[in-house]
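This report concerns only the one structure given below.
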Ligand code: NAD
Ligand code: MG
């Protein structure tokens with residue numbers, strides 16, 4: 001390799017962003033950071049800029065830019081500060097960039113991630129909400145601009161590793177019967193339905209196997225994360241929802257499986273540490289050290305599997321229905337979920353009301369065709385308004 005690849009990390013201060021920088025720092029001869037972006041934790045972003053010396057840093061508005069610039073100047077750093085969504089899109093699409101880690105959480109990541117796709121970058125996709133919202137448009141842009149889309153979500157990275165290289169020919173063509181998407185079951189896997197109304201945001205964010213941002217932690221607790229991942233898998237691998245089955249596997253050692261028509265089932269295993277899929281995607285098709293400890297099967301001793309309980313976790317059913325309805329339904333599901341998760345974290349609604357709120361928004365918002373990004377954001381906006389109304393009526 002002639003020169004190190006230049007990487008933009010969108011959402012550098014988050015859980016995925018930090019894991020990405022950990023892997024990058026292990027291979028200075030291969031990678032260098034081109035841009036780092038953050039939203040609220042400016043001290044953390046400043047420290048990351050001083051450590052990784054990116055060309056650009058991006059923050060949400062002028063006030064935080066002034067604060068960050070002052071800190072950078074005081075330390076003699078030459079990192080330049082850009083602002084807002086324009087700044088995010090600029091560092092995602094910059095001609096000097098080789099790969100973009102899309103690790104902003106939620107709908108806020110859609111435009112910058114698409115900017116990377118439209119610039120034909122290698123895009124490492126953690127921001128599943130972006131793909132869920134705009135699936136057909138997003139995948140169409142990947143094809144038109146020859147972007148290389150590599151999944152970071154551990155399940156999708158596992159499926160990617162278990163599929164043949166020519167999987168884009170279609171699941172049936174390459175002999176795939178089903179994709180088996182594993183789920184840990186989250187912190188409330190064994191909680192009684194009658195007790196779910198009492199669970200707290202702290203309990204929801206205490207995931208048994210993974211350490212993650214607060215939004216995805218709540219999604220894991222409600223199993224909406226698996227619902228979003230079902231939709232994500234359908235788009236990434238061009239599979240109908242009927243070919244994707246969710247399997248609860250509490251140890252999170254098997255990260256997903258592919259079931260072939262000849263009876264072969266391929267799985268990818270590893271310790272639950274996001275640096276494995278990050279390193280896999282960064283170096284693909286090569287392999288590099290990620291810093292993750294080798295898997296000790298004797299220590300794990302057993303692997304368990306159970307069927308998901310959609311009565312206690314209705315978000316999974318709602319997501320499957322949205323996947324089947326297609327069009328604007330996944331964007332509406334995602335937007336209503338973002339409002340519901342935030343309301344739960346603020347203790348304005350109880351845990352089971354996350355699903356109630358989303359279901360009522362989906363019932364009230366008709367499914368429409370989305371043939372442009374504006375149409376996607378319009379559906380997103382209407383869903384947020386309906387969710388807001390629901391919150392006014394039912395929230396605390
Ligand atoms: P996080 O909350 O730890 O980090 C989110 C990042 O996005 C931060 O850098 C934050 O500054 C930035 N951000 C938040 N709101 C923003 C906004 N409005 N504009 C610009 N930037 C904003 O989240 P995370 O756990 O790192 O997850 C990031 C994404 O990766 C999510 O889409 C999540 O579903 C996905 N993901 C995470 C994991 C995991 O293990 N953490 C696993 C699979 C997929
Ligand atoms: Mg996942």
Residue 142 more than 16 Å from ligand 1 (Cβ to nearest atom) and surrounded by 20 or more Cβ atoms within 10 Å (Cβ to Cβ): yes
message: Condition first: in a strand (DSSP E or B) and in contact with a helix residue (DSSP H, G or I) (Cβ under 8 Å, 6 or more places away or on another chain). Now tell me which residues in the stretch 98-137 satisfy that.
response: 99, 100, 101, 102, 123, 124, 125
Boolean, residue 2 is modelled with pLDDT under 95 and more than 9 Å from ligand 1 (Cβ to nearest atom): yes
task: Looking only at the stretch 6-35, count how many residues are surrounded by 24 or more Cβ atoms within 10 Å (Cβ to Cβ) and either within 20 Å of the chain's Cα centre (by Cα) or near ligand 1 (Cβ under 8 Å from one of its atoms) (or both).
output: 13
query: How many of the residues in the stretch 175-203 are closer than 18 Å to residue 312 by Cβ and more than 14 Å from ligand 1 (Cβ to nearest atom)?
result: 16
query: Given the conditions (1) touching a residue at least 24 places away in the same chain (Cβ under 8 Å); (2) surrounded by fewer than 23 Cβ atoms within 10 Å (Cβ to Cβ); (3) assigned to a helix (DSSP H, G or I), and given that residue 211 satisfies all but one, which numbered condition is not satisfied?
result: (3)
message: Could you tell me how many of the residues in the stretch 139-188 are assigned to a loop (DSSP other than H, G, I, E, B) and more than 30 Å from residue 205 (Cα to Cα)?
response: 13
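The values are calculated or read from the model by the stated rules, or taken from the named source; none is laboratory data. Quantities reported herein were computed from a predicted structural model and do not represent experimental measurements. Reconstructed Cβ throughout: ideal geometry from the backbone, glycine too, with neighbour counts over all protein chains shown.
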